[in-house]
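J.: Got a structure here, written out as structure tokens. Questions coming.
The values are calculated or read from the model by the stated rules, or taken from the named source; none is laboratory data. Just so it is clear, the structure is predicted and the values come from calculations on it, not from any experiment. Glycine also receives a Cβ, built like all others from the backbone with ideal geometry; neighbour counts cover every protein chain displayed. Accessible surface is based on the protein model in full, side chains and every heavy atom, while ligands, DNA and RNA are left aside. Shrake-Rupley method; radii C 1.70, N 1.55, O 1.52, S 1.80 Å.
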Amino acid sequence: MLAIRPMTYEVETSLSPKRVLRKLDGDLIEHRPTINILSQSKFMKNHRDDTIFYGYRTDAESFQIFHHTAKKRDGDSTGFYGKVEKTPNGSRIYGKFRKPIYAYVVGIIWTVLVLFLTLMLVALEEKTGAVCFAAIWLVGLFLMFWDNKKKFVRAYLDSFPPAVSKTDESDE
């Protein structure tokens, strides 16, 4: 599935928000993905043989989670950008699955560049070349926004203990 549009997701857990955030702090290897390719490359190289969850807390109740598979170069993978809020039964983890901002910026630059070349070829009446560039554009967007990490991050979020209702079940 392509990760062009962010997808919302939420899960309720019996843990308090403080315990959810403590679990995240313990499970995640802290790394802030940036547009700096060298920083991202160095992190991926250091964890080349590890399958890990990484990310960081952005503030008191917000966080980001990403997944890295061993021996893969997946520094621009889909991540979960979420928050934790208190509920009567524990807490609610909610947020969006999306690509990092720089992936969208590169996608826009790619689209503008290929659109310009395609329109130039149409103006020169080179229909075959224009069709080829349109196909290259589609393949490029597919490769940039292919999503194969959301299932791992979703499984991690689903691993939190589910919330149980505090209603009295003896009333029948």
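J.: Treating each Cα of region 79-172 as an identical point scatterer and ignoring solvent, apply the Debye formula and state log10 I(q)/I(0) at q = 0.17, 0.25 Å⁻¹.
T.: Relative scattering, expressed as log10 I(q)/I(0), comes to -0.85, -1.20.
J.: Same structure again: Could you work out how far the C-alpha centroid of region 38-107 sits from that of region 114-134, in angstrom?
T.: 38 Å
J.: Students often get this wrong, so check it: of K42/K150; K45/K96; K99/K127; K42/K151, which have C-alpha atoms separated by over 29 Å?
T.: From the list (K42/K150; K45/K96; K99/K127; K42/K151), the Cα-Cα distance tops 29 Å for K99/K127.
J.: A further question on this structure: Mind grabbing the accessible area of V112 for me, 1.4 Å probe, Å², rounded to tens?
T.: 90 Å²
J.: Specify the residue with the greatest mean-square fluctuation among D59, D49, D147, computed from a Gaussian network of the chain linking alpha-carbon atoms under 10 Å apart.
T.: D59
J.: I would also like to ask the following. Taking every DSSP beta bridge that has both residues in the chain, what percent is antiparallel when rounded to the nearest 5?
T.: Restricted to the chain, the bridges split so that about 95 percent are antiparallel.
J.: Pop out the carbon and sulfur fraction of the accessible area of the chain as a percent, whole number, probe 1.4 Å.
T.: In the chain, the share of accessible area belonging to carbon and sulfur is 62 percent.
J.: Show the residues, 5+ positions off or on another chain, whose built amide H is closer than 5 Å to the amide H of T87.
T.: R92
J.: Separate question: With an 8 Å Cα cut-off and a minimum separation of 6 or more residues, compute the relative contact order for region 16-77 in percent.
T.: Normalised by residue count, the contact order of region 16-77 is 32 percent.
J.: Residue farthest toward the positive end of the dipole of the chain, with Cβ of Lys/Arg at +1 and Asp/Glu at -1: which of G95, N36, G129?
T.: Towards the positive end, the residue furthest out is N36.
J.: Hey, another quick one. Just how large is the dipole of the chain about the Cα centre, in debye to the nearest 20, putting +1 at every Lys and Arg Cβ and -1 at every Asp and Glu Cβ?
T.: Roughly 600 debye for the chain.
J.: Treating only the Cβ of Lys, Arg, Asp and Glu as charged (+1, +1, -1, -1), what charge dipole size does region 20-93 show about its Cα centre? Round to the nearest 20 debye.
T.: The calculated dipole for region 20-93 is roughly 120 debye.
J.: What accessible area per residue comes out for region 83-172, rounded to a whole number of Å², with a 1.4 Å probe?
T.: Accessible area per residue, region 83-172: 66 Å².
J.: Now for a different question. Quick one: what Rg and Dmax do you get for the chain from the alpha carbons, in Å?
T.: Over the chain's Cα set, Rg and Dmax evaluate to 20.8, 79 Å.
J.: Could you work out [θ]222 nm for the chain from helices alone, using -39500 (n - 2.57) per DSSP H run of at least four and dividing by all its residues? Round to the nearest 500 deg cm²/dmol.
T.: Roughly -13500 deg cm²/dmol at 222 nm, from the helical runs in the chain.
J.: A further question follows. With every protein chain left in place and a probe of 1.4 Å, what is the accessible surface of R57, to the nearest 10 Å²?
T.: That residue has around 80 Å² of solvent-accessible surface.
J.: Now for a different question. State, as an integer percentage, the relative contact order of the chain based on alpha-carbon contacts under 8 Å between residues 6 or more apart.
T.: 30 percent
J.: Something else about it: Which Rg and Dmax, in Å, describe the Cα atoms of region 81-133?
T.: Rg, Dmax (Cα atoms, Å): 21.4, 66.
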